[in-house]
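Everything below concerns the one structure shown next.
The values are calculated or read from the model by the stated rules, or taken from the named source; none is laboratory data. Everything quoted here is computed from the prediction, not taken from an experiment. Quick reminder, even Gly has a Cβ in these numbers, built from the backbone with ideal geometry, and neighbours come from all protein chains shown.
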Amino acid sequence: MCGIVGYVGKNISVKKILAKLQNLEYRGYDSAGFAYIKNNNIVCRKKVGQIVNLINATNDQEQADICICHTRWATHGKVCENNAHPQVSYNNNFAVVHNGIIENYNQIKEKIGINKFSSQTDSEVIANLMEEISGAIETRFFEMLKKISGSYAICLIERSSKKLYVAKNKSPLYISQTEDGYFVASDISCFEGNDYYSLEDGMCAIIDKDNLKFYKDSKPCKLQKTKNIYHIDDIKLSKFSHFMQKEIAETPQILFNIAKTYSKLVETIKYKNLFNNIKNVVLSGCGTAFHACLLGEEWINDTYNLNARAYIASELRYKENIIDKNTLVLLVSQSGETADTLAVMNMAKEIGAKVVAMTNIEYSTLAGGADFVLPLCAGQEIGVASTKVYSAMLAVFYILSTKNAKNTGCFNKIITFSRQISAKFDKNIIEIVQKSKRVFFIGRGYDGITAQEGALKLKEITYKDACGYYAGELKHGTIALVDENTIVFAIITNKNIAAKTLNAVEEVCSRGAKVVVLTDQNLSGNFNYIKLQTAADEKLAAIAAVLPLQSLAYEVAVKCGFNPDRPRNLAKSVTVE
């Protein structure tokens with residue numbers, strides 16, 4: 001997701017404002033820019049690449065009492081300074097930063113005249129519409145919002161006005177007051193502990209250095225402040241080289257936190273009767289969250305004998321007759337802002353289904369719209385490739401799928417397990433993976449899902465051609481790709497079907513592949529070996545197995561010279577379809 005920072009207040013250093021924008025780097029971006037007003041003119045500067053490029057091009061003496069900043073992740077138009085934000089209107093009267101997608105931008109563009117546009121972005125229509133509409137700035141702003149459709153978080157300035165004009169629809173936007181003035185941002189991490197206002201969909205605000213006014217449908221309205229529980233320490237590296245490394249190391253503490261939190265929350269969950277009077281359970285998420293849903297599906301079915309089914313959110317939102325009033329819809333999202341997952345929530349609410357959110361961000365749109373929230377208790381996750389949050393998702397699903405969790409030692413099992421798990425593996429494997437052309441991950445049952453997550457981690461930060469499969473599927477096509485340039489990771493945590501996976505291991509070994517087996521059992525064979533911690537419950541073994549795979553992906557990325565925290569083309573929060 002792109003990042004927005006806006007400011008109006010005292011005259012302060014532009015670099016001080018850009019420092020706020022750096023808090024949003026973790027979300028992923030390919031360019032950055034800012035615009036401020038000086039002598040009734042808009043000063044705009046943009047750079048491709050990291051924010052530091054923008055900071056280095058900014059004079060220490062540059063100051064502003066009103067400024068908008070942005071980190072862009074390209075959707076419409078290639079990565080270049082011209083397409084970076086802010087976008088300035090054709091008469092240089094307005095500058096805008098925008099997150100989201102203006103769905104009718106082509107129609108607006110044609111109506112205004114394509115010759116008046118200088119970028120390939122959809123966002124430029126916002127600034128140019130302001131030029132086309134007559135009247136006071138406030139009137140133009142309200143009218144412009146009526147003409148655009150889609151998702152947006154907007155922060156706009158006008159060259160002769162000392163006001164910020166902001167609006168929100170399906171893309172997060174927050175406002176906070178500091179001793180310097182008002183800050184607008186797409187994430188509360190920019191507010192350093194100050195309480196904030198969370199704009200609702202369809203709401204806008206007009207802000208000057210002394211006043212903050214909220215509007216809904218062009219009419220004044222009120223909004224309550226929200227207490228900021230964000231901890232700035234979550235975005236400090238401490239002794240670690242990368243956030244991904246730090247977050248993998250934090251997993252044991254996260255599991256401990258979940259056990260302590262849910263030992264108290266479990267009575268509330270029981271009171272809410274989540275699985276009572278329910279015919280179907282639909283679990284949905286994207287990417288890593290979907291893999292967690294696949295395990296949740298298995299575990300809930302095993303425990304409650306319900307018809308539980310996991311769906312990729314981007315597909316579910318277009319399916320009919322899956323959700324009805326007797327369905328529990330359990331939506332999983334690290335950020336709580338995933339566009340496709342939010343669309344499923346809105347669809348489920350319209351049908352009248354019960355919606356439960358499992359998210360790491362309790363102030364997110366998903367948390368705000370759900371009937372009940374299952375917190376992941378993981379603290380801020382900065383690395384784009386989700387690690388500790390995946391383990392948190394599995395731990396919460398484990399608790400949900402344990403009947404009478406308080407009386408069965410469930411929480412003690414998690415606490416004991418959290419003190420034993422390790423992400424260590426044989427360092428020699430790193431070089432083998434680095435040199436391999438193809439990497440396969442295989443397993444059966446729960447391990448087949450872990451295989452898919454292991455492959456996802458490797459491909460997204462090392463750019464290796466990695467795939468995860470159920471071991472039994474190898475013979476149905478994939479084994480044709482296996483040769484001496486292939487490495488296969490086989491995950492074995494289920495004793496009952498270990499022999500079946502070992503059969504697949506023999507098949508790939510006979511075709512020259514190098515094999516690494518991750519297991520909590522005593523096995524022998526012609527393969528490398530990663531010994532996993534024995535878990536008190538087979539479900540927890542899924543966490544024990546994924547930690548070394550996360551570390552493997554991290555180490556290979558670093559060995560290849562890639563930044564594991566900021567993989568190319570990826571964003572932490574996917575807020576557009």
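Mind checking which residues of region 369-389 are outside any helix (DSSP H, G or I) and of a type in the set (V, I, T)? I'd like the intermediate steps shown before the answer.
Taking region 369-389 and keeping what is outside any helix (DSSP H, G or I), we get 370-387.
Within region 369-389, V373, I382, V384, T387 qualify.
Could you tell me which of the residues A545, A480, A553 is without any contact (Cβ under 8 Å) to a residue 12 or more places away in the chain and out of contact with any Gly (no Cβ under 7 Å at 6 or more places or on another chain)?
None of the others qualify; the one that does is A480.
Which one is nearest to the chain's Cα centre (by Cα) among residues in region 349-376 that are over 21 Å from K388 (Cβ atoms) and buried (at least 19 other Cβ atoms within 10 Å of the Cβ)?
Keep residues of region 349-376 that are over 21 Å from K388 (Cβ atoms), which gives 349-356, 365, 368-372.
Filter again for buried (at least 19 other Cβ atoms within 10 Å of the Cβ), leaving 353-356, 365, 370.
Values: A353: 25, K354: 23, V355: 20, V356: 18, T365: 13, A370: 18 Å.
Restricting to residues being over 21 Å from K388 (Cβ atoms) and buried (at least 19 other Cβ atoms within 10 Å of the Cβ), the top hit is T365.
Would region 380-390 turn up any residue that is modelled with pLDDT under 90 and in contact with a Ser or Thr (Cβ under 9 Å, 6 or more places away or on another chain)?
yes
When the residues of region 80-102 are narrowed to those that are without any contact (Cβ under 8 Å) to a residue 60 or more places away in the chain and over 19 Å from E132 (Cα atoms), which ends up surrounded by the fewest Cβ atoms within 10 Å (Cβ to Cβ)?
E81
I'm trying to understand the selection: among the residues of region 173-199, which are closer than 24 Å to I148 by Cβ and modelled with pLDDT under 90?
Within region 173-199, D187 is the sole residue that qualifies.
Counting only residues that are surrounded by 17 or more Cβ atoms within 10 Å (Cβ to Cβ) and over 19 Å from E138 (Cα atoms), which one in region 202-234 is modelled with the highest pLDDT?
Residue satisfying both the conditions and the ranking: N228.
Can you tell which of I415, I430, I497, I491 is at negative phi and surrounded by 22 or more Cβ atoms within 10 Å (Cβ to Cβ)?
I491
Looking at K222 and the list (1) in contact with a strand residue (DSSP E or B) (Cβ under 7 Å, 6 or more places away or on another chain); (2) within 24 Å of G3 (Cα to Cα), which single condition is not satisfied?
Going through (1) in contact with a strand residue (DSSP E or B) (Cβ under 7 Å, 6 or more places away or on another chain); (2) within 24 Å of G3 (Cα to Cα) one by one, K222 breaks only (2).
Does at least one position in region 154-167 carry a residue that is assigned to a helix (DSSP H, G or I), more than 26 Å from the chain's Cα centre (by Cα), assigned by TED's automatic domain parsing to the domain that holds A205 and modelled with pLDDT of 95 or more? So that I can check it myself, show each step before the final result.
Narrowing region 154-167 to residues assigned to a helix (DSSP H, G or I): none.
Taking every residue of region 154-167 in turn, none turns out to be assigned to a helix (DSSP H, G or I), more than 26 Å from the chain's Cα centre (by Cα), assigned by TED's automatic domain parsing to the domain that holds A205 and modelled with pLDDT of 95 or more.
Kindly check whether there is at least one residue in region 518-531 that is crowded, with 24+ Cβ neighbours inside 10 Å and either modelled with pLDDT of 95 or more or in contact with a Phe, Trp or Tyr (Cβ under 7 Å, 6 or more places away or on another chain) (or both).
Checked region 518-531: at least one residue is crowded, with 24+ Cβ neighbours inside 10 Å and either modelled with pLDDT of 95 or more or in contact with a Phe, Trp or Tyr (Cβ under 7 Å, 6 or more places away or on another chain) (or both).
Being at positive phi and either within 28 Å of the chain's Cα centre (by Cα) or not in a loop (DSSP other than H, G, I, E, B) (or both) is true for just one of G561, G512. Which residue is that?
Of G561, G512, the one residue that is at positive phi and either within 28 Å of the chain's Cα centre (by Cα) or not in a loop (DSSP other than H, G, I, E, B) (or both) is G561.
Give the residues of region 53-64 that are touching a strand residue (DSSP E or B) at 6+ places or on another chain (Cβ under 8 Å), more than 25 Å from H76 (Cα to Cα) and either of a type in the set (A, V, I, L, M, F, W, C) or not in a loop (DSSP other than H, G, I, E, B) (or both), sorted by residue number.
Our first condition is that a residue be touching a strand residue (DSSP E or B) at 6+ places or on another chain (Cβ under 8 Å); within region 53-64, this holds for 53-54, 57-58, 60, 62-64.
Add one more test, that the residue is more than 25 Å from H76 (Cα to Cα), and what stays is 57-58, 60, 62-64.
The answer is A57, Q63, A64.
Which residue out of L532, L552, L523, L518 is farther than 13 Å from I492 by Cβ, assigned by TED's automatic domain parsing to the domain that holds E431 and of a type in the set (A, V, I, L, M, F, W, C)?
Going through L532, L552, L523, L518 in turn, just one is farther than 13 Å from I492 by Cβ, assigned by TED's automatic domain parsing to the domain that holds E431 and of a type in the set (A, V, I, L, M, F, W, C): L552.
Kindly indicate the residue of region 69-99 that is assigned to a loop (DSSP other than H, G, I, E, B) and among the small types (G, A, S) and also modelled with the highest pLDDT among those meeting that condition.
Only one residue fits best here, namely S89.
Looking at (1) on the phi < 0 side of the Ramachandran plot; (2) in the same structural domain as Q434 (by TED's automatic domain parsing); (3) not in a strand (DSSP E or B), which is the one condition that is false for R568?
Evaluating R568 over (1) on the phi < 0 side of the Ramachandran plot; (2) in the same structural domain as Q434 (by TED's automatic domain parsing); (3) not in a strand (DSSP E or B) leaves (2) as the failure.
So which residues in region 30-52 are on the phi < 0 side of the Ramachandran plot and either in a loop (DSSP other than H, G, I, E, B) or not assigned by TED's automatic domain parsing to the domain that holds T71 (or both), if there are any at all?
Our first condition is that a residue be on the phi < 0 side of the Ramachandran plot; within region 30-52, this holds for 30-38, 41-48, 50-52.
Within region 30-52, D30, Q50 meet the criteria.
Kindly evaluate S123 against the criterion of being surrounded by 16 or more Cβ atoms within 10 Å (Cβ to Cβ), among the small types (G, A, S) and closer than 19 Å to L164 by Cα.
Considered against the rule, which asks whether it is surrounded by 16 or more Cβ atoms within 10 Å (Cβ to Cβ), among the small types (G, A, S) and closer than 19 Å to L164 by Cα, S123 comes out as yes.
Could you list, in sequence order, all residues of region 23-48 that are surrounded by fewer than 22 Cβ atoms within 10 Å (Cβ to Cβ) and of a type in the set (A, V, I, L, M, F, W, C)?
Correct list: I37, I42, V43, C44, V48.
Do we find that V396 is touching a strand residue (DSSP E or B) at 6+ places or on another chain (Cβ under 6 Å), touching a residue at least 12 places away in the same chain (Cβ under 8 Å), assigned by TED's automatic domain parsing to the domain that holds Q334 and among the aliphatic types (A, V, I, L, M) in this structure? Reasoning before the result, please.
Working: touching a strand residue (DSSP E or B) at 6+ places or on another chain (Cβ under 6 Å): yes; touching a residue at least 12 places away in the same chain (Cβ under 8 Å): yes; assigned by TED's automatic domain parsing to the domain that holds Q334: yes; among the aliphatic types (A, V, I, L, M): yes.
The answer is yes for V396.
Any residue in region 26-39 that is touching a Ser or Thr at 6+ places or on another chain (Cβ under 9 Å) and of a type in the set (D, E, K, R)?
yes
Can we say L18 is without any contact (Cβ under 8 Å) to a residue 40 or more places away in the chain, over 17 Å from L173 (Cα atoms) and not assigned by TED's automatic domain parsing to the domain that holds Q334?
On the way: without any contact (Cβ under 8 Å) to a residue 40 or more places away in the chain: no; over 17 Å from L173 (Cα atoms): yes; not assigned by TED's automatic domain parsing to the domain that holds Q334: yes.
No, not satisfied.
Answer with yes or no whether E247 is surrounded by 21 or more Cβ atoms within 10 Å (Cβ to Cβ) and free of Cβ contacts under 8 Å to residues at least 24 places away in the same chain.
No: the conditions fail for E247.
Which condition breaks for L570 when tested against (1) under 30 Å from Y152 (Cα atoms); (2) in contact with a strand residue (DSSP E or B) (Cβ under 8 Å, 6 or more places away or on another chain)?
All conditions are met except number (2).
Return the residues of region 262-299 that are β-branched (V, I, T), over 13 Å from Y311 (Cα atoms) and touching a helix residue (DSSP H, G or I) at 6+ places or on another chain (Cβ under 9 Å); say none if nothing qualifies.
Of everything in region 262-299, those that are β-branched (V, I, T), over 13 Å from Y311 (Cα atoms) and touching a helix residue (DSSP H, G or I) at 6+ places or on another chain (Cβ under 9 Å) turn out to be V266, I269, I278.
Consider L502 carefully, then state whether it is in contact with a strand residue (DSSP E or B) (Cβ under 9 Å, 6 or more places away or on another chain), over 21 Å from L532 (Cβ atoms) and not charged (D, E, K, R). Walk me through how you get there before you give the answer.
On the way: in contact with a strand residue (DSSP E or B) (Cβ under 9 Å, 6 or more places away or on another chain): yes; over 21 Å from L532 (Cβ atoms): no; not charged (D, E, K, R): yes.
Answer is no for this residue.
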